[in-house]
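Each value in this text was obtained by applying a stated rule to the coordinates, not by laboratory testing. All values reported here derive from a predicted model rather than from experimental measurement. Cβ placement follows ideal geometry from the backbone for every residue including glycine, while neighbour counts extend to all protein chains displayed.
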Amino acid sequence: MTRDQIADINPDLLIMDGFDDCIVGIGTRFGSEEFVIYDYAKVIAQLESQGMTYDEAVEYHEFNQLGAYVGDHTPAFMITSL
């Protein structure tokens, strides 16, 4: 799913810079706004490709991405395999 496709669905959706290849799709649930969903493993791999160790990538992700509430369209992260 591309930024243009996401904007066509809802231009207010928030997209993390540099992680377009980690997008899984758009999520929705009752009583909530739509949000972009990212593949957790791909996000961690992207952070590792920037020079972080696995543990550093997880810590960075938890604090700066997962832990950042930026409004109704805050992205979500999906674990696709265990």
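Is there a residue being among the small types (Gly, Ala, Ser) and more than 25 Å from PRO11 (Cβ to Cβ) anywhere in region 71-80? Looking through region 71-80, none of the residues is among the small types (Gly, Ala, Ser) and more than 25 Å from PRO11 (Cβ to Cβ).
Within the group ASP55, ASP39, which residue is under 22 Å from LEU82 (Cα atoms) and either among the β-branched types (Val, Ile, Thr) or in contact (Cβ under 8 Å) with a residue 40 or more places away in the chain (or both)?
On the way: ASP55 fails: either among the β-branched types (Val, Ile, Thr) or in contact (Cβ under 8 Å) with a residue 40 or more places away in the chain (or both).
Exactly one of ASP55, ASP39 is under 22 Å from LEU82 (Cα atoms) and either among the β-branched types (Val, Ile, Thr) or in contact (Cβ under 8 Å) with a residue 40 or more places away in the chain (or both), namely ASP39.
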